[in-house]
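Here is the structure we will look at.
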């Protein structure tokens, strides 16, 4: 299975480098696309990867996109979110590893499987002060990785057990967790007989606990006039067709639905029981509903997002919380559950979520309780948003309303860590049938959306891939634009000449503070000129949006040339709310 044209099938004693063997073993797990920068620690590994610098080069070959390590660390995350398939990041020794591990942490926080290949120092330079010393005498890297990942840090220090190590990698990835494969270059450069490798990809299947399902159905059938609320988290968004099952459940229970930013992708935009996003960038009706939940209510959580931007570090106050999940030990758990995040009763229902929902629907009788009026809100917001903005800037409400008219099928979008990741959910309210949006909001690594978009485009070149980023985020990936100039990305820069989240939050966190001490001002950049200097095409949205249709037509022309769109905005226009501001005013943050 591992033999290629580089290895003669009739040569039963063919020796190859361990570097080659590792690439072939990972290919058997479906990993063929990598991002990173070549260097001393990985140069003998990278020689077995073909270059990838144009979207037209994506094929079944093992390839590597050369891109700075910070951005490369997020590429496998976007790859997975777009297609549910795996990719990797290659990190050479030392500082490169530290840059790339920002993406690793985000993968952990959002339960995304990804592979990070990390080069250690060679074993023969121990105690000799090697360049980029990652031993216990220098950066002491391995204990740091093991502290963050536990058994997700796999060390190859003996080539004879490489198959065993890859089985461990496979097991961890199938639990929806990221993995680091750390190796000593001199060990991996040793020869191995590839014909003696018998590693095969074993698919692990998590069984559905039908007793848990029966317990949930029995509980629901006993309820008398108690409110049942459905919460949809980002785990649910990984299942194709799940929106229809959630529709059926909400109709049968007459249950209102709320969702997290990424969970929105799993809720039908036509469901009249939809109340919107909660917390950060949350919709007004959803927040009102969420804050009204009490001990008399039942909350069915289709996936559980424990993040501060979702739960605001609070306990869930429903009397019963039923948690549907296929994750064994997701981020934020204690002993495999989230009981510590609930004020009263917590019950976990483990298994494939679509199977669980279908079984619930099969077993659940049509209830006579939950006799609430169909909400059918045209708008999920009740706040009045100021439309007064600086004359040379865009009214964001109008911008997002018009964008809703332009999304075409087979589109995907990523919100960066800027005003967009709270404003877009608030203004879009429900998902759009033509585009899915994702944000890696919990790690909140500025600039991450650029790497996510690169990964998504490499995973599926036919996807129309959009990024909404800020002028502050730009500072972290601007130098990588040239490397993505032929990937066909569509990058919107929300330019407000400041770190907008700070600009809006500081007055509430420290009332009366001199504005100069916000440290939020950013010198202006001509982003269109910068884009063209990096071989991108560029547009600037006019304040009256008169050229937006032209720009969106260009975005959907399927050109491999990437396009940047600068959007001048006014940081004083407050759209989505940020509940964390109130936390930051508290004593626990002083």
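Bear in mind that the values in this text are calculations on the coordinates, not laboratory data. Remember, it's a predicted structure, so these values are computed and weren't measured experimentally. We place every Cβ from the backbone using ideal geometry, glycine too, and count neighbours over all the protein chains shown.
In whole angstrom, note down how far apart the Cα centers of region 63-93 and region 425-458 are. Measuring centre to centre over Cα atoms gives 16 Å.
Take the Cα of residue 38, step 7 Å toward its Cβ, do the same at residue 57, and the gap between the two points is 1.0 nm.
The value for region 164-241 of Rg(Cα) / (2.2 N^0.38 Å) is 1.91. Extension gain, residue 83 to residue 401: 0.36 nm times the residue separation minus the Cα-Cα distance gives 111.7 nm.
In percent, what relative contact order does the chain have, based on Cα pairs under 8 Å that are 6 or more apart in sequence? For the chain, the relative contact order is 14 percent.
Label sites at residue 292 and residue 198, each approximated as a point 7 angstrom past Cα along Cα to Cβ, lie 6.3 nm apart. Full extension of the chain segment joining residue 460 with residue 98 gains 127.5 nm, where the gain is 0.36 nm per residue of separation less the Cα-Cα distance.
With an 8 Å cut-off on Cα pairs and a minimum separation of 6 or more residues, tell me the relative contact order of region 210-363 in percent.
Across region 210-363, relative contact order equals 24 percent.
Is the chain best put as rounded, prolate or oblate by its Cα gyration tensor, with a ≥ b ≥ c the root eigenvalues, rounded for a/c under 1.5, and otherwise prolate when a/b is larger than b/c, oblate when not? The shape class here is oblate. Label positions at residue 164 and residue 546, each projected 7 Å from the Cα along the C-beta direction, are separated by 7.2 nm. Could you tell me which of rounded, prolate or oblate describes region 15-196, using a ≥ b ≥ c as the square roots of the eigenvalues of the alpha-carbon gyration tensor, with rounded for a/c under 1.5 and, failing that, prolate when a/b is larger than b/c and oblate otherwise? Here region 15-196 falls in the rounded category. With Cα atoms defining each centre, region 523-583 and region 216-287 are spaced 32 Å apart in the structure. The alpha carbon radius of gyration of region 282-356, expressed as a multiple of 2.2 N^0.38 Å, is 1.09. By definition, a body whose alpha carbon gyration tensor gives a ≥ b ≥ c is rounded when a/c is under 1.5, and region 210-363 falls into this rounded group.
You can think of it this way: the chain between residue 254 and residue 312 has 18.2 nm of extra reach, that is 0.36 nm per residue less the Cα-Cα gap. Its relative contact order, with pairs defined as Cα atoms under 8 Å and 6+ residues apart, puts region 396-589 at 23 percent. Using the Cβ-Cβ distance between residue 215 and residue 244 with R0 set to 25 Å, the FRET efficiency from 1/(1 + (r/R0)^6) comes to roughly 0.50. Hey, with R₀ at 60 Å, roughly what FRET efficiency would residue 146 and residue 572 work out to, going by the Cβ-Cβ distance, to 0.05? Once rounded, the FRET efficiency stands at 0.85. List the residues of region 142-166 whose backbone N lies under 15 Å from a point placed 7 Å from the Cα of residue 28 along the Cα-to-Cβ direction. Backbone N within reach: 160-166. Each part gets one Cα centre, and for region 469-496 versus region 134-187 those centres are 32 Å apart.
Three principal axis extents describe the C-alpha atoms of region 459-590; from largest down they are 52, 34, 25 Å.
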